[in-house]
Amino acid sequence: MNNSRGTKNKPEKKTPQKNKKKTTEKKVRNHKYIFVVGGVMSGVGKGVASSSIGLILKARGFKVTAIKIDPYINVDAGTMNPTEHGEVFVLDSGLETDQDMGNYERFLNTTLSGKNYMTTGSVYLSVIQKERNLEYKGKNVEVVPDIPLEAIRNIEQASEDADADITIIEIGGTVGEYQNILFLEAARMMKTKYPDDVAVVLVSYLPVPSSVGEMKTKPTQHAARTLNSAGVFADIILARSSVPLDDKRKEKIATFCNVKKEHVISAPNVHSIYDVPTNFERDNLGSILSHVLHLKNGQKTDLSQFEAFAKRGKTSKKKVTIGVVGKYFNSGEFVLSDVYISVIEAIKFSAYHHGAQPEIVYLSARDFEKPGTLKKLATYDGIIVPGGFGSTGIEGKINVIKYLRTHNIPYLGLCYGMQLMVIEYARNVLKIKDATTREINPKGKHLVIDVMHDQKDKIARAQYGGTMRLGSYPAKLKKGSHTHSLYKRHAIQERHRHRYEVNPEYVEQLESAGLVFSGRSPDGVLMEIAELPKNDHPFFIATQFHPEFLARPLDPHPLFTGFVEASLKRKRKRTS
């Protein structure tokens, strides 16, 4: 600190020795950390539990941030197949992450940095780079303790950058797996170093076998003991099950898992994930966490706004039927809606905003490759074609887009959904029958969608990981356009994830034929939004970016809100 302003010619005033400590001592922030780990099986809701814990603590007046640790060697989530890992969520920074990062941002209504996500691969890469740079000063670098210590450094740095009071760290996978043992070691080391400032929450599943007819606690007991074998002990157990816990099971878990009975929180299935925070508060989770972490601010949990939002989702009487046409839905006998989870949640937020309950139907693009299958699209109030890659189902999507355009059915295209919209328009309005994208046909004669200029060399060198146009970029909107009326501003900032773009050589032809590029990059080179004027179509808009990544429960995205509004108008016309 420089105190020389205005004292250049004055003698230095000596501070009495007894006060010197007060003027030079740096205030140390008593930061708190909550580790959330899983037991029994994956997929029981650690991400939603972590998000709900964050919301509860935020509602008590604390500043909260959240971190996800994925136990994959992948450096980021960008190279993972969505059918295996679910949606790839993109942060403002451009980092491709796990879908749980989207839950954190939506529940906490915040923007997280790239430092809030790490994988085994990214931690190892960081340690190896430091070793190569002699940052370890020649000492032996070992898996333990150097990998856990690097994870701890990342956690503390992310906490400091967010200026947070509390950091929630979700460790992917389940206890007992080799993959996450190093991160459990990090939790153990932090708990040892900061015993009053670290809490551990175990999310464990309690099955109710139909053949037995009662809830079984043994799997959770085993999970708790497995966690203990790593030197980590749960302070709180979130007991996931199809039904609420009774006192007998709470007592049993408390006895055999070494936690207080009141620290066993019932987490039954609920109407939606947005009911989870309220459900946790019924068991006083906010107060219990405050006690475990010695948090004192005297503020009660105020979830009123979030509860009002969740209530709208349950009490809305109006219905709106939205079809989502994707390529990743089918996986054997299962439908993988998690692939498009941000899109689905964005639909919900905007539907609730209009006092409507969305009925979302998952449609496989391959089912529409034959023209005779398109008539069933008329039974929907609106259709979305989300992002994706590759050739699977592409002709089906193009057929869908043509049908929606010619039958005045509301359409919202996202990323690939915009590129295919442009191809459809070029083929059927400009009559360029072989219009295509370089992604599918690199030798095509009419590449109305081409690879971005700065991507060509990366593709030639097979540099795919983390090299797309990623993260937040600005765009300017065309005054008087449909999109401009929805955003109600001239400039926007949205998140991207793509390598291909509308070929500038075809922009003039497309616009002369009636397609409007209502959003462009500030230099005018990249087409960010395409639409048909509102006078020509009730809602026919597509974006090169992913607006779903910025949709929030209490702040729905204007494009989705406009799309739902148009869909509701269509429903009223169809049913009147």
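The values are calculated or read from the model by the stated rules, or taken from the named source; none is laboratory data. None of these values were measured; they are calculated from a predicted model. Using ideal geometry, Cβ is built from the backbone for each residue, glycine included, and neighbour counts are taken over all protein chains shown.
Return the total of residues in the stretch 190-233 being touching a Gly at 6+ places or on another chain (Cβ under 9 Å) and under 25 Å from residue 147 (Cα atoms).
10
May I ask you to list the residues in the stretch 194-225 that are in contact with a strand residue (DSSP E or B) (Cβ under 8 Å, 6 or more places away or on another chain), under 30 Å from residue 30 (Cβ atoms) and surrounded by fewer than 20 Cβ atoms within 10 Å (Cβ to Cβ)?
194, 197
This table checks each residue for (1) touching a Leu at 6+ places or on another chain (Cβ under 7 Å); (2) assigned by TED's automatic domain parsing to the domain that holds residue 46; (3) surrounded by 17 or more Cβ atoms within 10 Å (Cβ to Cβ); (4) more than 30 Å from residue 55 (Cβ to Cβ).
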{"site": "84", "(1), (2), (3), (4)": "no, yes, no, no"}
{"site": "89", "(1), (2), (3), (4)": "no, yes, yes, no"}
{"site": "94", "(1), (2), (3), (4)": "yes, yes, yes, no"}
{"site": "100", "(1), (2), (3), (4)": "no, yes, yes, no"}
{"site": "114", "(1), (2), (3), (4)": "yes, yes, yes, no"}
{"site": "117", "(1), (2), (3), (4)": "yes, yes, yes, no"}
{"site": "127", "(1), (2), (3), (4)": "no, yes, yes, yes"}
{"site": "135", "(1), (2), (3), (4)": "no, yes, no, yes"}
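I need a count of the residues in the stretch 395-416 that are touching a residue at least 60 places away in the same chain (Cβ under 8 Å) and either within 14 Å of residue 368 (Cβ to Cβ) or of a type in the set (Lys, Arg) (or both).
Going through the stretch 395-416 one residue at a time, the tally reaches 7.
Among what's in the stretch 347-390 and is in a helix (DSSP H, G or I) and among the hydroxyl-bearing types (Ser, Thr, Tyr), pick the residue that is farthest from the chain's Cα centre (by Cα).
373
Is there a residue in the stretch 269-278 that is part of a loop (DSSP other than H, G, I, E, B), in contact (Cβ under 8 Å) with a residue 12 or more places away in the chain and within 18 Å of residue 38 (Cβ to Cβ)?
Checked the stretch 269-278: at least one residue is part of a loop (DSSP other than H, G, I, E, B), in contact (Cβ under 8 Å) with a residue 12 or more places away in the chain and within 18 Å of residue 38 (Cβ to Cβ).
Please go through the stretch 364-396 and pick out each residue that is surrounded by 22 or more Cβ atoms within 10 Å (Cβ to Cβ), among the aliphatic types (A, V, I, L, M) and touching a Leu at 6+ places or on another chain (Cβ under 9 Å).
383, 384, 385, 394, listed by residue number.
Mind listing just one residue for me: the one in the stretch 424-444 that is closer than 16 Å to residue 542 by Cβ and among the polar types (S, T, N, Q) and, of those, modelled with the lowest pLDDT?
In this case the residue turns out to be 437.
Identify the single condition in (1) surrounded by 14 or more Cβ atoms within 10 Å (Cβ to Cβ); (2) of a type in the set (Gly, Ala, Ser); (3) over 26 Å from residue 62 (Cα atoms) that residue 151 does not satisfy, given that it satisfies every other one.
So residue 151 meets the others, but not (3).
Table: residues versus (1) touching a helix residue (DSSP H, G or I) at 6+ places or on another chain (Cβ under 7 Å); (2) at pLDDT 95 or above; (3) closer than 18 Å to residue 87 by Cα.
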residue	(1), (2), (3)
322	yes, yes, no
342	yes, yes, yes
351	yes, yes, no
359	no, yes, no
363	no, no, yes
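Only one of (1) under 20 Å from residue 193 (Cα atoms); (2) without any contact (Cβ under 8 Å) to a residue 60 or more places away in the chain fails for residue 167. Which number is that?
Unmet condition: (2).
Being among the β-branched types (Val, Ile, Thr) and assigned to a helix (DSSP H, G or I) is the filter; apply it to the stretch 391-410 and report the residue that is farthest from the chain's Cα centre (by Cα).
For the stretch 391-410, the residue satisfying everything is 406.
Applying the selection to the stretch 490-519, what residues are on the phi > 0 side of the Ramachandran plot and within 28 Å of the chain's Cα centre (by Cα)?
If the condition is that a residue be on the phi > 0 side of the Ramachandran plot and within 28 Å of the chain's Cα centre (by Cα), then no residue fits.
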